[in-house]
Structures are given as structure tokens and as C-alpha cells.
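See structure below.
The values are calculated or read from the model by the stated rules, or taken from the named source; none is laboratory data. Computed from a predicted structure; not experimentally measured. In this analysis, Cβ positions are derived from the backbone assuming ideal geometry, glycine residues included, and neighbour counts consider all displayed protein chains. Heavy atoms of the whole protein, side chains included, go into the accessibility calculation; ligands, DNA and RNA do not. Shrake-Rupley method; radii C 1.70, N 1.55, O 1.52, S 1.80 Å.
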Amino acid sequence: MPKNRNTFSSLAAWRRRAVSRAVHHTWAWVRRTGAVTAERPGTLRFRRIGTASRLAFPQGTIFGEAWIELGDHCIIGEQVTLTAGMMPDLDLGPDAVLRLGDGVVLGRGSHVVASQPVVIGNDVYCGPYVYITSDNHSYDDPEQPVGKQWPRTAPVEIGSGSWLGAGAVILPGARLGRNVVVAAGAVVRGEVPDHAVVAGAPARVVRLWSPERGWQPPLRTPTPVPIPDGVTPEQLVALAGLAPAELGALGEAGDAAATPDASAAASAAASAAVDVAADR
């Protein structure tokens, strides 16, 4: 009897694994097939969807596509809402209402709602659950339900190169400059200058860059150093395993060599790191 139980248990476990694999393979196929691109728009008819742009499946609420333009190389995450107009089937005139530049990233669950022009510049990165809208409920009449009162609307502009953290809210009339950082959960209204960091609800400027003074207040962490060309994954793993003193020694050796090519110097240091790791 115990032997039979073991046989049935093994068979049940095998079936569960097989079903699990089938479900995951099927869902991966559905996600690939359901993604929206310029070549495979499905039922959506955007005013423009640029080269290599992609809306992940499943999509959120999307309507008013005839007034929505997506630039090249945009990444739109799962369950992202993109709407032009306050409801479907409205005639919004001859011009685009919602425009995304090239290289825009909208994180999972984000919402962009536009009945007035909303313009998102090139290379704007948004974390998950960001909310950008040209419309805001009004509550002037204390006798009427807020949801039934006519909303206040104003255009929104987000400058190129900006980064909006998770859960950020951009309200009607907001105008963000270039390379603006919006902290997670911030609620932004009004104008934000170029190269500013804003945080809070309502958001305020907490750090600002200028050519004369640099970042004020000064940054508290050193500038990250990009990985140079030619460094292999094995070398990076070896570098990660070194103690700070060993890394400092490699840096001093690189300075002493005074190699004019930074990539070659970094590669040489990484090779040395592999040798150090191998000697341990």
C-alpha cells in the first residue's frame, strides 16, 4: 500500500508540473501575441504609433486613439490607460490631444488621461502607477455630487529626459522642464524648472542644478560610473567579489599606468581582478 501511494503521489506531482509548464508557456504566448505594435495594432487605431514602440498585454483602458500619438521606441507597460477625451466617441478636432515623444516609458498600471493637450517629451521614464491628467474634479457647488460637476481642465507638458517615480501624480496645468525628477508619490502642479528634483504633496523643489553652482544642496552620493566597453560578465563578477582595499589597490595601479584609454584601463583592472580572485 505505501508503494502505491508513492506511485500515485509521483504521478500527481508530474501532472502538476506539466500543467504549470503549459499554463506558463500559454500565458507567454498570449502576452507576445496580444502586444500592440505598429505592425500588429490589433483593434486599436492610433493617430501614430512609432517604430519599435510596444504596448504590453494586457492593455488598460484605451480610447480616443485617433487623437493619440506615440513616438518611436516607446515602452508601454501592462494595464496602462491611455485616453483622449473624457469618454469614447467624442470628436476632439483636427489635432492630436495626447502626444508621447520618442523613447517614453510608462510603467505598469500608469494612467494618462487627456481632454486638453498633454505632451510628454522624449526619453521620459515613468515608474509604475503614475497618473498624468489634464482633468480634475471640481467641487464648487456644495449641493451637487463632486463626480457630476464639470471638471477643471488645463494642458500638461512634461519636458524631455524627466523621470517620474512610482505613484507620482501630475495635475492639470503642470509644466515640467527638462530632466526633472519627480519623487515617488509626489503630487505636482504648476511650473517646475529644468534640472529640478521635486517631492511631497503638494510637490516642492528640494534640489536644483545650475551651471554656476551645480547641484544645490549637493548630492550625497558619488556619480555612478558607467561600465566601459570591453568588460566581460566574468570580470564584473570578479570585481564585485573584491574587498574595498583590493579595489583601491587596483585603482591606484590604473592611475600609475596613466592609460589614456579609459576603457582599456578598466578592462585591464578587471582582468587583474580576475587574477586576484583566482589566487584566493
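Below are the figures for this structure:
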item: Simple label model, 7 Å out from Cα along Cβ direction - residue 20 to residue 45, nm; result: 4.6 nm
item: Note, ³J(HN,Hα) from phi for segment 170-185, Karplus 6.51, -1.76, 1.60, rounded to Hz, x at Gly and Pro; result: 10, 8, x, x, 5, 9, 9, x, 7, 6, 8, 10, 10, 5, 4, x
item: Residue-by-residue Karplus 3J(HN,Hα) for segment 69-75, coefficients 6.51, -1.76, 1.60, Hz, glycine and proline x; result: 10, 10, x, 7, 6, 7, 10
item: Using θ = phi - 60° and Karplus 6.51 cos²θ - 1.76 cosθ + 1.60, couplings along segment 16-31 (whole Hz; Gly, Pro as x); result: 4, 5, 5, 5, 4, 4, 5, 4, 5, 5, 5, 5, 4, 5, 4, 5
item: Solvent exposure of segment 22-105 as accessible area per residue, Å², 1.4 Å probe; result: 54 Å²
item: Relative contact order for segment 105-174, counting Cα pairs under 8 Å that sit 6 or more residues apart, in percent; result: 39 percent
item: Sulfur and carbon atoms: percent of accessible area, segment 122-205 [1.4 Å]; result: 53 percent
item: 5 angstrom amide H check on residue 160, placed H, neighbours 5+ away; result: 121, 122, 179
item: Angstrom value of the Kirkwood radius, inverse mean 1/r, which spans all Cα pairs in segment 1-156; result: 18.0 Å
item: Cleavage-rule hits (trypsin sites (Lys or Arg not before Pro)) in segment 154-220: DSSP loop, at most 14 neighbouring Cβ within 10 angstrom; result: 213, 220
